[in-house]
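Read-outs throughout are calculated quantities, based only on the coordinates presented, and are distinct from any laboratory measurement. Since the model is a prediction, treat every value here as computed from it, not as a measurement. Cβ coordinates were reconstructed from backbone atoms using ideal geometry, including for glycine residues, and neighbour counts include every protein chain displayed.
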Amino acid sequence: MDACVLVVDDDREIVRAIALLLEKEGYRVLKAYDGMEALRILAETEVQLIIMDVMMPKLDGLSAMMKIREQKNLPIIVLSAKTEDTDKILGLSMGADDYVAKPFHPQELAARVKSQLRRYTMLGGIHAQNAEEEIVNGRLCYRLKERTLYADGEPVRLTATETKIMELLMKNRGRIFPAEEIYERVWEDVSFSPENTVMVHIRHIREKIELNPKEPEYVKVVWGIGYKMEKK
Amino acid sequence: MDTKWKKSKSVFSFMTFATGLTMLVSNLIPAAGMVTAFGTGILEGQPDYQESEEFRQLIGGRLSMLMGVAAWEKNDSEYESDGTDVKSRAGQEQNDRLLNEPVTVQEETVVEQAADYAGEAAADFWDNVEEPEAFGGDWDAYQQYLEEQQAYYDEMMAEYGYASEGGYADYYGGYCYGYDFGDQESLDRYMADLAKDKNLLYAVICQNQLLYSNMEGFGEKAGQEWSGEDFSQGLDADAYNFTLWYNRENDGKVAIVKDGWEENVYGNGVYSDNSRWRVPGYANFTIGDSYEDVVIFLAAAKNPQLYMVRENGNSNIVEYGGRLYRMRLKMIYLYSAAERTAIFLVTALILLATALLMRGSRKQAVEWIAAFLRKICLEIKLFLLPVLLVFLTAMSAGPLGHVVWWIRRGVPFYSWSGDYLYEITRLTRAGGYLAVWFWLVYLVVLDFRMNRGRQKKPLFTLLKGKDFKYPIQKRLVKRQQRTMIAELILSILFAAVFCAMWLFMENYTTYLADGYNYSYVYDAYEGAAQGLGYPSGLTGFYMAYLLMPSFVFTALFTFTMITFCSLRKNYRLAVDIGALTDQILAVREGSLTEELVLSEDSDLREAADNINQIQKGMETAVTERIKSERMKVDLVTNVSHDIKTPLTSIISYAELLRQEKELPQHVKEYIQILGEKAERLRGIVQDVFEISKATSGQLPIQMEMLDMGKLLRQTLADMNDRISQSSLSMRTAIPETPVAVMADGQRLYRVFQNLFQNALRYSLEGSRVYLSLTEEDGRAVARIKNTSGVELSDGKDFTERFVRGDASRTDGGSGLGLSIAKSFTEACGGSLTVETDADLFTVTVAFPISGQES
């Protein structure tokens, strides 16, 4: 793995920390400290992924991202100290592939980098499959024949029950299932206080497929109603 | 400036139009009368009183009277000796002759003749009645004097055979030509008065003997022989331009010379209604033998003067006479009236022509009038119109009826009373009424044409106030209702009483009209003609009496209008009170932008202004508060952002350190602590950020229907690991049936997560935490009870920010848990309360149960 990652932030220490982390993971890292510098480096060097802060001098992250998007289609992960939903939506709608709020866990960032790079480099392979045989939802892909869930193109090791739950949720993305229904359809038994049982399994699934299990993006609890697979 | 000019132009145009039209309409009838008068030759050329019918009547009457005087004297001398009742015999003879004669004179004419003589005597009599001025303002004395005169008059009329009951029939039965003076004394008195009138000179000759004359040089010759000399020779022809001879040629005919010209007295020689002179000598109007030796001479002055009849030394009373003088004044007045009518007509035509040129700009003014009429409510119109119609009809029926009579009968307009001046004033009055009628019709038509369908609400809707929603408005209108009804009854009563009174007076005065008022009217003319100015006392009274109805109805109208205005004001007040109450309600509801605008003259203007001020003040305060809240949030946002950036480095480098392999164990422990504290700091920053948003109401909330029981179970399941790791045990009582509430699930999860975390964190080791969900009074109530690990101090609000059970702040919490829980609960429409009882710590979260089951 010698993918090249460009890290852009006006805080040199953060850039250095991210660089160290990513280099440990085996990436080649380029550093830039403002938007203009990032554009210059991009013009000179082949880069596979960009991690970019929003608030920077000279050229801010969002503007730089729009400039980059005019020419390139590489994944961009936006870093921001703003955590409000509206900021997140703005970043994503302006072309970011992922949004990581500061302060982040270095492990989570690394996981997201890995995920984005895999998806970016393996796009062709995923697309080769027949649409009828697999259900694709964002990073996730469930192959019906294999009864296997893939995350970023890699098979996820799920137990039989977990696989059943995921099959149910992947087949009905966006629909909210009460715990009782999940229990009855997966365990094929009458439910009695299934909340705990279902929740345990959901938590386990999250740990296997979510980049940050504490802030899940795919398997979500709809509080007071049930559970659902977020449609991406 | 431009609109002002336009406005005044429009007003001017309409005023021109209105004035012109009023002048034209009101002068049409008098003008027609004048034209008839001049066209039929009743009036000729100049203001010559001798050309008037009244003068001719007077001459005819005077002639017959003097003939009667001559006959009296003759009868006296001829038949006195045989002792028969000569007077009645003389009358009988004349009567027989007239009746036996084959004449075209109809009975009616004879009656009229008779009436005329009585009337003339009456007029003469009242001419000589004193003016009130003569009594120097002593009204009682004058009243007494008038009563005496009235009594005398009645007596005189009775002598003429006139009685109010039988009318002139009695008179006709007794006498029809000449006069019966009853006795020599009254004859002498009459002749003595007559002699003083130098305006009308006379000489009465009987059997060639001069009986009476008031001419200079002849008055003393009474009883002497008349040698046939011409009396007119000795007279100044300029001063006395009218002379009349009767029977001078012994032919029983009258010869008149005026201004040196002989008049054609008899026309075609047959007497008819239209004959100018009613004197004997026509083929069908002759008198017999008893008068064949009577010769009479009359001469009238060109410019008659007022003369003194008698002076009563005791009472200082001066009696004046001057019938011809009055006739001349009337004539002058008549001509000036004709002149005025002509001037009015010409002016009217000029004004109308001007109005025609400016008719474009008149429209605006007409619209204003229409707008004004529109403002008058329907009831007032419906009430006023019939009242005006009845009143106007009553007032104008006489004068206008007279005109109609005159046109229909095709006889000269003066035929009613035979007096031009009186008739002209009647016609002028009729013209005035016509103008009033015209404008009434104009306004009604205008109102109907312009305001149809746009009529203002009828008054009674103002009284009903059905649309009002507040009781105070209804009360206000109801109060006005009572006042209105009372005022209406009062007005009607007043009008009725007045009408009754006026009608009574009208009848009474009509009864006296031929006597009193007739002469008052004359006096008014006289005063006007002399430029002396009037009214004299009684004339003024009469005028006031005539004007009284207009005063009273103006007063009533004003009263009605004032009542109406106050009613409308009251209604508007009620409407405004409604608006004000609405506004107060709106302000109470928190609407601060809509201003209450009442009209400038509204009674509640000040109150409205004050409300607006309060509103403005509140709005400013709220804006200020929102601004300061926003600043707070901004501050927190910025601070948290500024903390987050270095925190990122701390966490990152702590992680890097953690990944270092060859570090001593104790260093690894340090790094562990570093990581944990950095993590806690992250939590605190996030909490502070969220709570500042929640308390300033800027937290986005997505309300949805959810099952609170399920939410609690989910939260417990979510936190199951931590619960089982702790030494505490959970006791839950959550119903299986759904408890539906409206809330933001994500926020509510955070609420219970915080509450459970709190319970886990601060409970006494090994104790139990109780969670229950119940329905109480339509609310879903979740209670979490736990036993506190540390002693709780009383009176502490645990939901305040940074308040904790113990003040040491070493337990790993941010102190914001409960505060966030409370803010979020309230943001979702629920309530959160904390109770402590010794060490028992109870948190109650309540939400209204939503009707719809999920």
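Observations, loosely collected:
- The lysines within cross-link reach of B:K302, meaning a Cα-to-Cα straight distance under 18 Å and a gap of 8 or more places when in the same chain, are B:K196, B:K198, B:K258, B:K330.
- In this rough spin-label picture, where each label sits 7 Å from Cα along the Cβ direction, the B:Q184-B:N208 distance is 2.6 nm.
- Mean separation of Cα pairs under 8 Å and 6 or more residues apart, divided by the residue count, gives region A:179-232 a relative contact order of 22 percent.
- Rounded to whole numbers, the Karplus 3J(HN,Hα) couplings from phi for region A:68-78 are 5, 4, 4, 10, 10, 10, 6, x, 10, 9, 9 Hz, using 6.51 cos²θ - 1.76 cosθ + 1.60 with θ = phi - 60°, and x at Gly and Pro.
- Three-way shape call for region B:684-802 based on the alpha-carbon gyration tensor, with the a/c threshold at 1.5: oblate
- For the pair B:S727 and B:V639, a Förster radius of 25 Å applied to the C-beta separation gives a FRET efficiency near 0.10, rounded to the nearest 0.05.
- Fewest-first ordering of B:T648, B:T22 by other beta carbons within 10 Å of each residue's beta carbon gives B:T22, B:T648.
- Cα extents of region B:625-681 along the three principal axes, largest first (Å): 56, 14, 8
- Footprinting exposure proxy for B:I376, B:I673 (fewest neighbouring C-beta atoms within 10 Å first): B:I673, B:I376
- Within chain A: Cβ-based charge dipole about Cα centre, in debye rounded to nearest 20 (Lys, Arg +1; Asp, Glu -1): 240 debye
- Footprinting exposure proxy for B:K9, B:K363 (fewest neighbouring C-beta atoms within 10 Å first): B:K363, B:K9
- Taking amide hydrogens as placed 1.01 Å from N in the peptide plane, the amide H of B:N214 sits under 5 Å from those of B:Y202, each at least 5 positions away in sequence or on another chain.
- Gain in span if fully extended, B:I350 to B:E147, counting 0.36 nm per residue against the direct Cα distance: 67.9 nm
- Placed amide H near B:V295: partners under 5 Å, 5+ positions off or other chain: B:I205, B:C206, B:Q207
- Listed pairs A:K24/A:K145; A:K82/B:K661; B:K4/B:K616; A:K102/B:K668; A:K88/A:K208; A:K232/B:K661 exceeding 32 Å between Cα atoms: A:K24/A:K145; A:K82/B:K661; B:K4/B:K616; A:K232/B:K661
- Surface/4 of the Cα convex hull for region B:701-762, nm²: 4.3 nm²
- Taking amide H as placed 1.01 Å from N in the peptide plane, B:E704 has its amide H under 5 Å from the amide H of B:A743, B:D744, B:G745, each at least 5 places away in sequence or on another chain.
- Residue-averaged beta-carbon neighbours from other chains (10 angstrom radius) around A:221-232: 6
- The HN-Hα couplings worked out from phi for region B:203-212 by the Karplus form 6.51 cos²θ - 1.76 cosθ + 1.60 (θ = phi - 60°) are 8, 10, 10, 10, 6, 6, 10, 6, 8, 9 Hz, whole numbers, x standing for Gly and Pro.
- Across region B:689-734, the convex hull enclosing all Cα atoms gives 128 Å³ per residue.
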